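Working notes, beginning with the structure itself.
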């Protein structure tokens, strides 16, 4: 199981349920990296999806304890259930938000982290993998600049 997230310089990932600054290069990287995968996502992140619709070309698994009606999503109520539901999938990606990342991080072996070099106000943070002894930066997959904002797509692996 892998995860994918965009973080700011302070490892913030969002504010008010959305990304304050989103780069088109990161959105493209996200689409390409998650295409064909089973994606595990939380309810508040789904609320930020266009039309709150499932992501096309993926199996959308909504991890929530609240239940509800979410057409196109398969609901599960615990991280253990999410692991069980995806055990036969070739590619599984955790895509957020903050509480889902914290719950699923122990199950992940790789993390695709886009580092966006700005620090907008955030109320949700991802654990700083640079300070986590269990993770190591394996490689910088690509880097660039968009609208004056530098970024790198990095691959971290669990030791």
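No lab work stands behind these numbers, since they all come straight from the coordinates. As the structure is a prediction and not an experimental result, all values here were calculated from the model. Neighbour counts run over all protein chains shown; Cβ positions are idealised from the backbone, glycine included.
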Exercise for the section: Can you pull the one-decimal nm distance between simple spin-label points at residue 134 and residue 22, each 7 Å off the Cα toward Cβ? Expected result: 2.9
Problem - Within a Gaussian network of the chain (alpha carbon springs, distance under 10 Å), most fluctuating of 60, 89, 147 - result: 147
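Taking R0 as 25 Å, what FRET efficiency do you get between residue 70 and residue 15 from their Cβ-Cβ distance, rounded to the nearest 0.05? Don't skip to the end; give the middle numbers.
On the way: r = 24 Å, r/R0 = 0.95.
It comes out at approximately 0.60.
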Exercise for the section: May I ask you to sort 85, 93, 153, 142 by Cβ crowding, counting other Cβ atoms within 10 Å and putting the fewest first? Expected result: 142, 85, 153, 93
Exercise for the section: Considering only DSSP beta bridges where both residues belong to the chain, give the percentage that are antiparallel (nearest 5). Expected result: 50
Fill in the blank from the handout: Listed with the fewest Cβ neighbours within 10 Å leading, 64, 86, 119 appear as 119, 64, 86
Fill in the blank from the handout: Here the FRET efficiency for residue 89 versus residue 117, based on Cβ atoms and R0 = 30 Å and rounded to 0.05, is 0.35
Exercise for the section: Using only Cα atoms, locate the centre of the range 26-77 and the centre of the range 108-159, then give the distance between them in Å, rounded to an integer. Expected result: 21
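Which of 30, 70, 49 has the fewest other C-beta atoms within 10 Å, and how do the rest follow up to the most? Don't skip to the answer; put the middle values down first.
Details: 30 20, 70 16, 49 12.
Starting with the residue having the fewest Cβ neighbours, the order is 49, 70, 30.
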